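One structure below.
The values are calculated or read from the model by the stated rules, or taken from the named source; none is laboratory data. None of the values given here were measured: they were computed from a predicted structure. Positions of Cβ are generated from backbone atoms using ideal geometry, with glycine treated the same way; all protein chains shown enter the neighbour counts.
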Amino acid sequence: MSHDPALEAHEHSEHAEHAAHEHDPFTTRVAITVAVLAVLAAAAGSLETVEGGLAITASSEAVLKQDQATDSWGEFQADSIKKNMYGMGAQLNGAAADDLKKEAKAEGDKQGKVKERAKEFEDERDKLVEASEAHEKRHHKLTISATLIEVGIALSTVAIITKRRPMWLGAVALGVIGTAIGIWSFA
């Protein structure tokens, strides 16, 4: 069974419309509450899905940046080994010493650029990890938001059946709290 907030909102609106045809003012108010809560639940559910996807995407991109940083650090170490090998060769081989010293210097110069690139990848990774964590926190708050609003819808249904005003007020309170949490998730 799939969770489709838009479809659920439509179904709740239809139920609310049927209840409104009873011409009972209390039932009409509760039916309108159900319709409003259904729209809020659909919005919170959709945003929850988006935030979950963004968290996964940012996390995946962070892994890619870590791989690129690891590759760059491997290249840095390889250049370091080559630089040291050329340096030792220059000390041991008098005839080619100048050429080997130039190669050692070139490898050393290349290392600075590679190191800088590796650090850039690590910085990008850190930003992506931070973004992923922010999206994940928002996702969790939106899950709570949608759940509270959906419980409010269920309480509204009970209020229609039992004609109990406290049930309806509880549903409204849950809807307000759920909406506030949803808004707070973006603060």
**Report entry** Number of the condition not met by LEU100 [criteria: (1) under 46 Å from the mean Cα position of the chain (by Cα); (2) more than 30 Å from PHE186 (Cα to Cα); (3) buried (at least 17 other Cβ atoms within 10 Å of the Cβ)]
**Finding:** (1)
**Report entry** Residue match in the stretch 157-170 (condition: under 30 Å from PHE26 (Cβ atoms), polar (S, T, N, Q) and part of a helix (DSSP H, G or I))
**Finding:** yes
Query raised in the report: Filter the stretch 104-121 for residues that are surrounded by fewer than 16 Cβ atoms within 10 Å (Cβ to Cβ) and over 40 Å from the mean Cα position of the chain (by Cα); which is farthest from ASN84 (Cα to Cα)?
Result: ALA106
Query raised in the report: Identify, please: which residue in the stretch 42-86 is buried (at least 17 other Cβ atoms within 10 Å of the Cβ), of a type in the set (Gly, Ala, Ser) and within 17 Å of LYS110 (Cα to Cα) and is, among those, farthest from the chain's Cα centre (by Cα)?
Result: SER72
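Residues checked against (1) over 26 Å from ILE177 (Cβ atoms); (2) at pLDDT below 95; (3) of a type outside the set (S, T, N, Q):
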| position | (1), (2), (3) |
| --- | --- |
| SER13 | no, yes, no |
| VAL50 | no, no, yes |
| LEU64 | yes, no, yes |
| ILE81 | yes, yes, yes |
| ALA90 | yes, yes, yes |
| ALA96 | yes, yes, yes |
Report summary line: From the option list THR28, THR33, THR70, single residue qualifying as under 30 Å from GLY178 (Cα atoms) and without any contact (Cβ under 8 Å) to a residue 40 or more places away in the chain is THR28
Requested in this report: State whether one or more residues within the stretch 20-38 are assigned to a helix (DSSP H, G or I) and closer than 30 Å to ASP126 by Cβ.
Outcome: no
Requested in this report: Within the stretch 171-178, identify whether any single residue is in contact (Cβ under 8 Å) with a residue 60 or more places away in the chain, over 30 Å from ALA55 (Cβ atoms) and surrounded by 16 or more Cβ atoms within 10 Å (Cβ to Cβ), and answer yes or no.
Outcome: yes
Report summary line: For the stretch 107-133 the number of residues that are closer than 14 Å to GLN77 by Cα and of a type in the set (Gly, Ala, Ser) is 3
